[in-house]
There are 4 protein chains.
Amino acid sequence: MSKKMKICINTGGGDAPGLNAVIEAVTMAAHNRQWDVYGIKCGYAGLLNTDEIIHLTPEKVDGIASTGGTILGTTNKGNPFMMPVTNAAGEIEQRDLSDRVMENFRRLRFDALVAVGGDGSLEIANRFAEKGMPVIGVPKTIDNDMGGTVISFGFDTAVSIATEAIDRLHSTAKSHDRVMVVELMGRNAGFIALNSGISGNADVILIPEIPFDIEKVCDKLMDNELRGHRYAIVVVAEGAVPKGGDVIAKGAGEAGRQHVVLGGIAEYVAKEISRRTGKDSRSLVLGHLQRGGSPSTFDRLLSLRFGAAAVRAIEMGQFNHMVALRSPDIALVPLGEALGIQKRVLTNGDTVLTARDLGICFGD
Amino acid sequence: MSKKMKICINTGGGDAPGLNAVIEAVTMAAHNRQWDVYGIKCGYAGLLNTDEIIHLTPEKVDGIASTGGTILGTTNKGNPFMMPVTNAAGEIEQRDLSDRVMENFRRLRFDALVAVGGDGSLEIANRFAEKGMPVIGVPKTIDNDMGGTVISFGFDTAVSIATEAIDRLHSTAKSHDRVMVVELMGRNAGFIALNSGISGNADVILIPEIPFDIEKVCDKLMDNELRGHRYAIVVVAEGAVPKGGDVIAKGAGEAGRQHVVLGGIAEYVAKEISRRTGKDSRSLVLGHLQRGGSPSTFDRLLSLRFGAAAVRAIEMGQFNHMVALRSPDIALVPLGEALGIQKRVLTNGDTVLTARDLGICFGD
Amino acid sequence: MSKKMKICINTGGGDAPGLNAVIEAVTMAAHNRQWDVYGIKCGYAGLLNTDEIIHLTPEKVDGIASTGGTILGTTNKGNPFMMPVTNAAGEIEQRDLSDRVMENFRRLRFDALVAVGGDGSLEIANRFAEKGMPVIGVPKTIDNDMGGTVISFGFDTAVSIATEAIDRLHSTAKSHDRVMVVELMGRNAGFIALNSGISGNADVILIPEIPFDIEKVCDKLMDNELRGHRYAIVVVAEGAVPKGGDVIAKGAGEAGRQHVVLGGIAEYVAKEISRRTGKDSRSLVLGHLQRGGSPSTFDRLLSLRFGAAAVRAIEMGQFNHMVALRSPDIALVPLGEALGIQKRVLTNGDTVLTARDLGICFGD
Amino acid sequence: MSKKMKICINTGGGDAPGLNAVIEAVTMAAHNRQWDVYGIKCGYAGLLNTDEIIHLTPEKVDGIASTGGTILGTTNKGNPFMMPVTNAAGEIEQRDLSDRVMENFRRLRFDALVAVGGDGSLEIANRFAEKGMPVIGVPKTIDNDMGGTVISFGFDTAVSIATEAIDRLHSTAKSHDRVMVVELMGRNAGFIALNSGISGNADVILIPEIPFDIEKVCDKLMDNELRGHRYAIVVVAEGAVPKGGDVIAKGAGEAGRQHVVLGGIAEYVAKEISRRTGKDSRSLVLGHLQRGGSPSTFDRLLSLRFGAAAVRAIEMGQFNHMVALRSPDIALVPLGEALGIQKRVLTNGDTVLTARDLGICFGD
């Protein structure tokens, strides 16, 4: 029989529906092996200051799989390899505190860390693996832009919420003969915009992978009008860019996810459509609604499978791997390998072809 | 037996979930009396230019009660008493075309008009009533600010959507120890913000009826923090105003409903909270998502009851009234009477008291 | 200033969406008055055996308003005035243990009890009130059959779930030209069947208040078929009865809510329709799905308002009353008065008229 | 450039969410190639009697992707190779009418048929392919038991609805310390029960692939009780069988899907649990709710991709294939090959392991 383990888990990066389900599965799978399992707060911060480590028990995780957020907290800041610290002179400098993390990990006699996070968090996990920490990664990406896995949790929920929002906008757009431009997440990859745009019956989809010509977009809208279809839904990923390269939308990128959408891409597109076609056009930024709240059934199940697979990987001693979906199975891929890949929408893949077959315009 | 009637129906003002259900009920109730019923497009425009009048049949309205929008189209413009017309000199002037509407109404031998709309549309209906048109009004108000009725359709859906959005924001706010400020509809009345803020477990609710002091809001957030509650949800009606009177939020009012939320109230509140407390604060404008799409079950039923009651009122010859909810019954109130009243949140009513009992802060 | 109170709360009868919201509001409203508030487990059982009384704190009720069920547990058994007890001879006899409840209530120095429950539970509460216990009732009724209040919590959720189920059945019925008979809750009152049948676009609605003739139902279905409408949705309340009086459906009544629906009313109706018209007919019993799970937004808010109003009533010393909805306000009605009334669907009320106007058949 | 085609599409077998989305995609993809596309009513019936063939246009399919059912109708009866026909003697005999179908197909000059259906319908399609009809199959299976594709449309929706139902049952089961046994679809394959049981936090899952011992189930429930977990959710696929082989549940199989669940498996399990443990146990059959209504976002997209891929296959002349999901891509697999495989839950696959890791009991 395998030895009794003592493992820990953290969650890093932005919120994503399914984090709590991973935590539940890791806790239950460990508990059912008579292992001890601990929760590290706020990414790696809880391994720098170990005051708040939580003993995870079946009672603490009962029913959390269907809830949003993470009971461990998360953060976008705080890479222990480059931690912002105030020095004696009162200045902020970046310091490498990774040895302190390694020390605490060993002092607390942990046998393994399950690191749940996106590119950034798993990159850090990989560096700790190189320093000798036994690590299993669980990929988290709302945008579906991480390599090595067909999909990860959070994405199905995000696409569902976006589709539901698009559904709602249809009726108002139609009742008022209006153009509604809705901005969705996706700085580098347009998967959310593409999938929800198709599901939500959009007229136009603009994604980072296919630079758009605003004139082509306007052509499409006016063609529609001639056929009696006087309203339109335009779905735009926050990272979509006009052809010709100069990024007109200054708010895109990091700030595009935040509340200050000054010059955000949706607003730009709505204004240009108004100006060029005379049509009443409005924009809306869906923002945080896409990444919070209860996971969809699909994401609950995938997260639970990922969590349980992570514990089985530890049991087998297969460290420094990431769990991944190879439909219909769960696979283990070497962490380093997975991190090298950035997934993008295939511009000649069947999903884009489906959109074109349906008559959806990409502005190209 | 009552005579065979020939009636028409129009929908005016902004989109609201339930408009199609009213149309379905009016059509079916008329059909089951062997009456003829016609749909007028785009508010009163369809009575100026009568080319597009639709014969409404059971087939045409089958199943539309559960759909969003209005199959008749709607518009916020186009008061026939003050219609913008381009004159000979190429200037736009407002002209009273109401006589032409009356003429068409009589020429087409309509016996009654069912006018579905908000304050504005029913005000116009009332003026036609004074000119001799037999009219029945059906009140439509997302904001719940129309008098004469306990509630109208669209409001329950708007509150549900807003509450669901607030639910989703909770998990992200909590996972990141963040303040999320969400702006909801309500220029003059804070019902949507109040009801969804309570249902959605908000920490702070800001409404037009209770001017707020941003310092009080910050006090509340810091009190929470001392008790270990480090994140917060702030719900703000678009028409909320800071105490002292100078409206800092320029974007509020008409534009607050549109895409250009430059200086919108939510953004103002989020920035002030960040500045004064140092907390990470984000804002989000829910916008059109609140007024489009499928009506809730409550709104479907209410709309169907309103539509059927309108036809029964015509049958009884009780014109120039508005159907209204006097829970649990539907009543008829004189149009003129209902239009005089603008409903506001009662600041000492039980709903506000409930919020205070729950510990929710209004910033006063 | 009012004195510091020490109050308790219990929940009795069947599960209903909104119970936890009442508990949250009572706890928070008491807490914000610096009162102490305690939860009694499983109806009155927790006042017979006082081992499990819970101190309710803001932490314990945080966020429970949106969850289904009751954290205090509930039961349909256990009237302390007629408690089944095993006597010395090993026989079960009913004993009046109400004095022990009174004694414990006084010994623990409670100032008031908030009793949340249906007819049965509030009847018990009323008897304790007569024995000197200061009581505030909160009405709970999925079926909407309690008097004294326009509506109570749980009903809106039940109607929404039932409507959603009917929506789903439409597509299958239509695709296969089938008759789907769906049985909903309502032993004595047909409100759920009526409201969801209208909202869900049913062809036939059968309720206890309007005895039905199965031949009339079949007439309606064959009339529809002649008009090209070859499928149908029949909604039937569990307590619906055929004309002529002999209750054919033996499973109706208490058992109708349980899993053994041998000869349940829906099955009877489906079989008769098949036999008499030759149409492919299926039945489905929605059962417990109607009373469990998350409350709708409407029910969350109503429950929170009820809970807060109960605490305000205690503060004002207005005991032996029940909180009630008098839209748009919350009122207090004397407990004894409210209990005398059993609400039924008004067969000439506007909701039934609406159904008839829409062409829905009641089989009468 | 490819030649202008004239294609047709039919939908066969039971209803499934996504059928209309396939129809929309096929129509639009054909329309955008300037092809003609026609809808055949009720499976193959519309090619026997060609009176009701529909010309499919963009207007007719606009927005149907989000609706349940099939605008073409469907049927479980009517294999043209064995059609029940009344002969001269008044007896019903099965006749092979496939030549008449072939004749009509050629006479109407169709270039290809898109056949959407399950095992049975695609088997028929394959036989027509052997007779020379150019066919593309689109797999439809609520149960996920068809080979050749990772998944098909309808399954995600069914799992979501089932999970939502389980979620609702939790609160009532918990409030009353009850065992709720819920029967889900799955005669031969337990995918729906397995996936929704895991997502819905069930205590026990019984599937056809793992014969169960009712004593083991009761052991699990009593173990839970000792740990203070006094309620339970038991999810059972309609085709689950007790160990030892004699099928106690007579209603399982075909009838298990219908309304007469006399001795259905859920009722059997609930009764046995009551009898053996003394616990209050109830059963509920979800039935048709799992297969009707609006498709989930996942199923909308998958159906649209399948439909568009079918048209592209026709364009490429790759007939007698079935479109299939090879995540993340759509592939074409030879029809004959796909039909040979019947998918079952892998009893040592990662999903079953996940369930075991979470402490879920299979009764084995």
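The values are calculated or read from the model by the stated rules, or taken from the named source; none is laboratory data. All values derive from a computational prediction rather than experimental measurement. Cβ atoms come from the backbone with ideal geometry, glycine included; neighbour counts cover every protein chain shown. Only protein heavy atoms, including side chains, enter the accessible area calculation; ligands, DNA and RNA are left aside. Shrake-Rupley method; radii C 1.70, N 1.55, O 1.52, S 1.80 Å.
If you go through the range C:163-197 one residue at a time, how many are β-branched (Val, Ile, Thr) and under 17 Å from C:THR354 (Cβ atoms)? Quick ask: steps written out before the conclusion?
Quick first cut of the range C:163-197, residues β-branched (Val, Ile, Thr) only: C:163, C:166, C:172, C:179, C:181-182, C:192.
Next, from what is left, pick out any that are under 17 Å from C:THR354 (Cβ atoms): C:163, C:166, C:192.
Selection size over the range C:163-197: 3.
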Among the candidates D:ALA193, D:ALA165, residue that is in contact with a helix residue (DSSP H, G or I) (Cβ under 7 Å, 6 or more places away or on another chain) and either over 22 Å from D:ASP350 (Cβ atoms) or aliphatic (A, V, I, L, M) (or both): D:ALA165
Answer residue from the range A:196-212, given it is closer than 10 Å to A:PHE362 by Cβ and either in a loop (DSSP other than H, G, I, E, B) or among the β-branched types (Val, Ile, Thr) (or both) and is most open to solvent (accessible area, probe 1.4 Å) among those: A:PRO211
Of the residues in the range D:32-63, those that are open to solvent by 30 Å² or more (accessible area, probe 1.4 Å) and under 27 Å from D:MET146 (Cα atoms) come to D:TYR38, D:LYS41, D:CYS42, D:ALA45
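Which count do you get for residues in the range A:213-243 that are of a type in the set (Gly, Ala, Ser), buried (at least 18 other Cβ atoms within 10 Å of the Cβ) and not in a strand (DSSP E or B)?
2
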Under 6 Å between Cβ atoms, which residue pairs at least 6 apart in sequence (or on different chains) link something in the range D:53-71 that is facing chain C (nearest Cβ under 9 Å) with a partner that is open to solvent by 20 Å² or more (accessible area, probe 1.4 Å) and polar (S, T, N, Q)? D:GLY68/D:SER294
Going by the conditions given, is A:THR86 of a type in the set (Ser, Thr, Tyr) and either away from chain B (no Cβ under 14 Å) or in contact with a Cys (Cβ under 6 Å, 6 or more places away or on another chain) (or both)? yes
Is it the case that D:ILE142 is touching a residue at least 60 places away in the same chain (Cβ under 8 Å), out of contact with any strand residue (DSSP E or B) (no Cβ under 6 Å at 6 or more places or on another chain) and either buried (at least 24 other Cβ atoms within 10 Å of the Cβ) or within 14 Å of another protein chain (Cβ to nearest Cβ) (or both)? yes
Can you run down the residue pairs with Cβ atoms below 8 Å, 6 or more apart or on separate chains, where the first is in the range C:13-31 and within 11 Å of chain B (Cβ to nearest Cβ) and open to solvent by 10 Å² or more (accessible area, probe 1.4 Å) and the partner is of a type in the set (S, T, N, Q) and not in a helix (DSSP H, G or I)? C:HIS31/C:THR57
I'm told A:LYS243 meets every condition in (1) over 27 Å from D:GLY307 (Cα atoms); (2) of a type in the set (Lys, Arg); (3) within 14 Å of chain D (Cβ to nearest Cβ) except one. Can you identify the failing condition by its number? (3)
Inside the range B:67-86, can you point out the residues that are polar (S, T, N, Q) and assigned to a strand (DSSP E or B)? B:THR86
Mind listing whichever residues of the range B:150-167 are at the interface with another protein chain (Cβ under 8 Å from one of its Cβ atoms) and either buried (at least 24 other Cβ atoms within 10 Å of the Cβ) or assigned to a loop (DSSP other than H, G, I, E, B) (or both)? B:VAL150, B:ILE151, B:ASP156, B:VAL159, B:SER160, B:ILE161, B:THR163, B:ALA165
Identify the single condition in (1) part of a loop (DSSP other than H, G, I, E, B); (2) surrounded by fewer than 17 Cβ atoms within 10 Å (Cβ to Cβ) that D:ALA331 does not satisfy, given that it satisfies every other one. (1)
List pairs: first residue in the range C:293-311 and away from chain D (no Cβ under 14 Å), second residue among the acidic types (Asp, Glu) and buried (at least 24 other Cβ atoms within 10 Å of the Cβ) anywhere in the structure, Cβ distance under 8 angstrom, at least six positions apart or on different chains. C:THR297/B:ASP156; C:PHE298/B:ASP156; C:PHE298/C:ASP156; C:LEU302/C:ASP156; C:LEU304/C:GLU24; C:GLY307/C:GLU24; C:ALA308/B:ASP357; C:VAL311/B:ASP357
Could you please let me know if A:SER171 is without any contact (Cβ under 8 Å) to a residue 24 or more places away in the chain and crowded, with 24+ Cβ neighbours inside 10 Å? yes
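Being at pLDDT 95 or above, of a type in the set (A, V, I, L, M, F, W, C), in a helix (DSSP H, G or I) and over 17 Å from the mean Cα position of the chain (by Cα) is true for just one of D:ALA29, D:ALA21. Which residue is that?
Numbers: D:ALA21 fails: over 17 Å from the mean Cα position of the chain (by Cα).
Of D:ALA29, D:ALA21, the one residue that is at pLDDT 95 or above, of a type in the set (A, V, I, L, M, F, W, C), in a helix (DSSP H, G or I) and over 17 Å from the mean Cα position of the chain (by Cα) is D:ALA29.
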Quickly run through the range A:87-123 and pick out the residues that are of a type in the set (A, V, I, L, M, F, W, C), in a helix (DSSP H, G or I) and within 28 Å of A:VAL159 (Cα to Cα). A:LEU122
Within the range D:313-343, can you find the residues that are within 12 Å of chain A (Cβ to nearest Cβ) and charged (D, E, K, R)? D:GLU315, D:ARG326, D:ASP329, D:LYS343
Of B:VAL311, B:VAL352, B:VAL333, the only residue that is farther than 27 Å from C:PHE191 by Cα and either among the basic types (Lys, Arg) or modelled with pLDDT of 95 or more (or both) is B:VAL352
